[in-house]
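Encoded as structure tokens, the structure appears first; notes follow it.
The values are calculated or read from the model by the stated rules, or taken from the named source; none is laboratory data. What you are looking at is a predicted structure, and each value in this text was computed from that prediction instead of being measured. Don't worry about glycine lacking a Cβ; one is built from the backbone with ideal geometry, like all the others, and counts go over all protein chains shown. Calculation scope for accessible area: heavy atoms of the full protein, side chains included, ligands and nucleic acids excluded. Shrake-Rupley method; radii C 1.70, N 1.55, O 1.52, S 1.80 Å.
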Amino acid sequence: QVQLVESGGGLVQAGGSLRLSCAASGRTEAMGWFRQAPGKEREFVAGISRGGRLTSYADSVTGRFTISRDNAKNTVYLQMNSLKTEDTAVYYCAAHRETTISSRTVSDFDYWGQGTQVTVSS
């Protein structure tokens, strides 16, 4: 069982930046970031393959967010720039146990972190 721990969330003004980190307790395959705003379903934000060369993004964050990973540290990152108030949500890190290319579907992931709150003020 792999444990995932997110960090880096907080309060930021619109237009600002935050960098989220997700540290895994062991080896993971493809990983992803999701977010969930109050009253809404959890949605895909970004995904990255095991090797880091293949990435995918939700349309709403393309061009503003960048996902990356450091396998030596078992850590995945989400750099968030030009933040908007609509980016406010709890952000979750997720990992596949065997799949090398990230899915965009919540139920496809095997491991989840506890989440970190990101609040963007106007």
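Details
- Filter result (free of Cβ contacts under 8 Å to residues at least 24 places away in the same chain and among the aliphatic types (A, V, I, L, M)) within segment 100-122: none
- Selection count, segment 66-84, where residues are touching a Phe, Trp or Tyr at 6+ places or on another chain (Cβ under 9 Å) and among the basic types (Lys, Arg): 1
- Condition broken by residue 87, with the remaining ones in (1) open to solvent by less than 20 Å² (accessible area, probe 1.4 Å); (2) closer than 13 Å to residue 4 by Cα; (3) acidic (Asp, Glu) satisfied: (2)
- The residues listed here are 5, 45; of these, the one that is surrounded by fewer than 16 Cβ atoms within 10 Å (Cβ to Cβ), out of contact with any Ser or Thr (no Cβ under 6 Å at 6 or more places or on another chain) and either among the β-branched types (Val, Ile, Thr) or assigned to a strand (DSSP E or B) (or both) is 5.
- Segment 76-89 - residue that is touching a Ser or Thr at 6+ places or on another chain (Cβ under 6 Å) and hydroxyl-bearing (Ser, Thr, Tyr) and, of those, nearest to residue 32 (Cα to Cα): 77
- Residue that is over 14 Å from the mean Cα position of the chain (by Cα), of a type in the set (S, T, N, Q) and under 24 Å from residue 17 (Cα atoms), where the choices are 107, 122, 68: 122
- Considering only residues in segment 90-122 that are open to solvent by less than 70 Å² (accessible area, probe 1.4 Å) and either touching a helix residue (DSSP H, G or I) at 6+ places or on another chain (Cβ under 6 Å) or acidic (Asp, Glu) (or both), the one that is farthest from residue 32 (Cα to Cα) turns out to be 120.
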